[in-house]
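What follows is calculated from the coordinates using simple rules that are stated; it is not laboratory data. If you're wondering where the values come from, they're calculated on a predicted model, not measured in any experiment. When we count neighbours, we look across all protein chains shown, and the Cβ atoms used for this are built from the backbone with ideal geometry, even at glycine.
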Amino acid sequence: MTLDTATAVAWITRAAEIIRADESRLTGLDAAIGDGDHGANLARGLAAAVTSLEETQPESPGKALMAAGRGLVAKTGGASGPLYGTGFRRAGKELGDGTDATGVGDALEAMLRGIEEIGGAVQGDKTMIDALAPAVAAFQEAAGNGADLHAAAVAAADAAEAGLAATVPLQARKGRASYLGPRSVGHEDPGAASTALIMRALAEVTAP
Ligand code: ADP
Ligand code: MG
């Protein structure tokens with residue numbers, strides 16, 4: 001199993017479906033510590049990403065992720081749009097022809113670095129990084145131990161979910177939730193929740 005073009009498109013399409021299905025949960029999380037738009041923002045952005053894939057018919061998985069990133073930047077809005085958009089564009093650029101587990105691990109690493117670079121958040125700041133960083137580490141570790149793409153993606157999705165749970169006791173230090181100070185404690189971070197769903201989508205579409 002490699003991340004061929006059809007699988008890359010399936011990843012974005014599945015992510016759009018499951019974010020749409022969980023839109024109200026994500027919005028509820030953002031209503032608690034933000035402005036209540038994260039579910040709607042990302043559902044709109046991913047729908048635009050899917051449209052952009054249909055229109056451009058990319059001929060490589062890297063180009064598919066880049067096209068999705070452009071759709072996300074253009075239509076998501078909020079803080080998460082540029083962050084996810086940059087992440088997918090960087091991942092697509094990195095992917096090139098290396099579409100086995102190791103190559104996808106490097107692409108996910110590039111996604112993480114891109115989001116860190118433009119958002120300035122580190123692990124522990126109660127953001128999407130708290131789900132993405134452990135997901136990338138778990139993916140890389142699994143791939144390094146010879147896991148195939150699906151097994152590495154399952155490890156990443158599990159780690160993202162654990163990272164999401166670990167955001168509950170944290171106080172937000174980045175983004176809108178940081179304005180709440182100590183009142184941001186006791187809630188899951190919405191962006192970490194959407195990252196966990198996006199990682200689960202990758203695990204699903206790479207299943208044999
Ligand atoms: P907004 O906060 O502009 O309304 P969204 O609601 O769409 O945007 O997204 C909020 C999520 O974005 C947060 O839950 C957090 O995970 C993520 N986020 C916000 N700022 C940053 C940042 N600087 N770095 C990484 N992630 C961030
Ligand atoms: Mg918001």
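Please give the direction-averaged projected area of the C-alpha convex hull for segment 101-166, in square nanometres with one decimal. Don't skip to the end; give the middle numbers.
Values: hull surface 15.2 nm².
One quarter of the hull surface, i.e. the mean projection, equals 3.8 nm².
Taking N as the number of residues in segment 44-126, what value does Rg over Cα atoms divided by 2.2 N^0.38 Å take?
In units of the 2.2 N^0.38 Å rule of thumb, it is 1.07.
Given a Förster radius of 22 Å and the C-beta distance between Asp97 and Asp148 as r, what FRET efficiency does 1/(1 + (r/R0)^6) yield to the nearest 0.05?
Working: r = 18 Å, r/R0 = 0.80.
Between Asp97 and Asp148 the formula returns 0.80.
Could you compute Rg(Cα) / (2.2 N^0.38 Å) for segment 118-208, with N its residue count?
1.13
Mind checking the angle between helix 5-21 and the chain's longest principal axis? C-alpha axes, 0 to 90 degrees, to the nearest 10.
Its long axis makes an angle of about 30 degrees.
Can you give me the C-alpha center-to-center distance between segment 60-74 and segment 134-163, rounded to a whole angstrom?
22
Let's test the formula: R0 of 41 Å, r as the Cβ-Cβ distance of Thr56 and Val122. What FRET efficiency results, to the nearest 0.05?
After rounding to 0.05, the efficiency reads 0.75.
Could you state, as a whole-number percent, how many of the C-alpha pairs of the chain are farther apart than 23 Å?
Beyond 23 Å sits 36 percent of the P(r) for the chain.
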